[in-house]
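No lab work stands behind these numbers, since they all come straight from the coordinates. Everything numeric here is computed off the predicted structure, so don't read it as measured data. Here the Cβ is made from the backbone with ideal geometry for all residues, glycine too, and neighbour counts use every protein chain on show.
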Amino acid sequence: MKTILITGAAGDVGSHLRRELAGKYALRLSDLRPLTPAKGERFARADISNMADALRITRGVDAIVHLGGYSVEGPWEGILSANIIGCYNVFEAARRNGVKRILFATSNHAVGFYPRKQTIDHRVYIKPDGRYGVSKVFGEAVGSLYADKYGMQVFNMRIGNVNPAPIDKRRLSIWFSPRDLAQLVTIGIEHPDIRFEIVYGVSGNTRSWYDNSNAYRLGYKPLDDSELYAAQILAKEGPGHATGDLYQGGTFTHVEAVPNPAPLPKTAAAANQAKKRAAKKPAPKPARKSVKKTKKK
Ligand SMILES: NC(=O)c1ccc[n+]([C@@H]2O[C@H](COP(=O)([O-])OP(=O)(O)OC[C@H]3O[C@@H](n4cnc5c(N)ncnc54)[C@H](O)[C@@H]3O)[C@@H](O)[C@H]2O)c1
């Protein structure tokens, strides 16, 4: 049985994937947040923005499903640390530990500024719709470098939206059911000819914006289609947004931040830095007795 590391395993996609892949692989889970492993799983807490942690978790695995990171549009510092430094660390640690195969959870937001009226395939030029999208493009580029220079086998899944069911009009076009996710991930782990591939992580949606022929060429046969939910969803769809409705990336094309579904706990390193900063601050001057204390209005 192959041993598979899932980074970001405590997150939404990781939770679906753990359930879907249970019993099929020996699952090694990792995340910055705590997680209780189920029978047959092992968990190691790690911060991928720290190279020593990345080296520790990638040792002795057959493949890595790299999900860990900042998963929405947000402040540069969070994206830089988790998705740029963290992503680089995972690829580099895998190389140093001799792990050949990485499945990278990239995103529809790497190409989110393509208009909805256009069907795009895996060969289109990148069009990120925010800092988050740029970080996913960075991950794809690191994957390309590590495939060409070090012979790693890299499977980039530009994921649409993983959910048990599609949740709104936009997601009818990009929905990715958990069982289709598991099928595509299994192809990414098992296919013998993967060198560097980009596929769209979406179900077989009638309203898809993607020509996913590269995934089909590798044997992907999605079982689900969001059309089943379309009438119900369209009936309750509210008014759209002038910009968001034009582009595939939706809200990400016009907002600066989306609520983070996985707010990060303070890492030991961050806590230490905060302590040091506090220690450097000059001690507050003693209050002069003659100054009367007034309540702030
Ligand atoms: N959910 C989707 O539909 C979707 C769509 C497109 C792409 N993706 C990508 O798939 C991956 C998983 O998405 P998700 O929805 O499960 O996100 P999520 O936010 O629910 O989970 C991400 C996990 O990564 C962990 N993480 C963040 N920074 C870390 C660090 N420095 N070290 C270790 N772990 C860290 C978080 O603690 C969290 O548990 C992400 O990379 C995301 O960008 C998801």
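Per-structure values
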quantity: Members of the range 155-173 that are β-branched (Val, Ile, Thr) and near the ligand (Cβ under 8 Å from one of its atoms); calculated: ILE159, VAL162
quantity: Boolean, ALA110 is more than 13 Å from GLY130 (Cα to Cα) and surrounded by 23 or more Cβ atoms within 10 Å (Cβ to Cβ); calculated: no
quantity: The range 172-202: number of residues that are within 25 Å of PRO115 (Cβ to Cβ) and surrounded by fewer than 22 Cβ atoms within 10 Å (Cβ to Cβ); calculated: 1
quantity: From ARG170, ARG158, ARG179, residue being outside any strand (DSSP E or B) and under 22 Å from LYS136 (Cα atoms); calculated: ARG170
quantity: Qualifying positions in the range 93-150 - touching a helix residue (DSSP H, G or I) at 6+ places or on another chain (Cβ under 7 Å) and acidic (Asp, Glu); calculated: ASP121, ASP129, GLU140
quantity: Residues that are of a type outside the set (A, V, I, L, M, F, W, C) and exposed (fewer than 15 other Cβ atoms within 10 Å of the Cβ), drawn from the range 25-44; calculated: ARG33, PRO34, THR36, PRO37, LYS39, GLY40, ARG42
quantity: Test: residue in the range 81-98 that is buried (at least 19 other Cβ atoms within 10 Å of the Cβ) and among the charged types (D, E, K, R); calculated: no
quantity: Members of the range 182-202 that are touching a Leu at 6+ places or on another chain (Cβ under 8 Å) and assigned to a strand (DSSP E or B); calculated: GLU197, VAL199, GLY201
quantity: Verdict on PHE91 being touching a residue at least 60 places away in the same chain (Cβ under 8 Å), part of a loop (DSSP other than H, G, I, E, B) and more than 8 Å from the ligand (Cβ to nearest atom); calculated: no
quantity: Of all residues in the range 203-229 being part of a loop (DSSP other than H, G, I, E, B) and of a type in the set (Lys, Arg), the one that is surrounded by the most Cβ atoms within 10 Å (Cβ to Cβ); calculated: ARG207
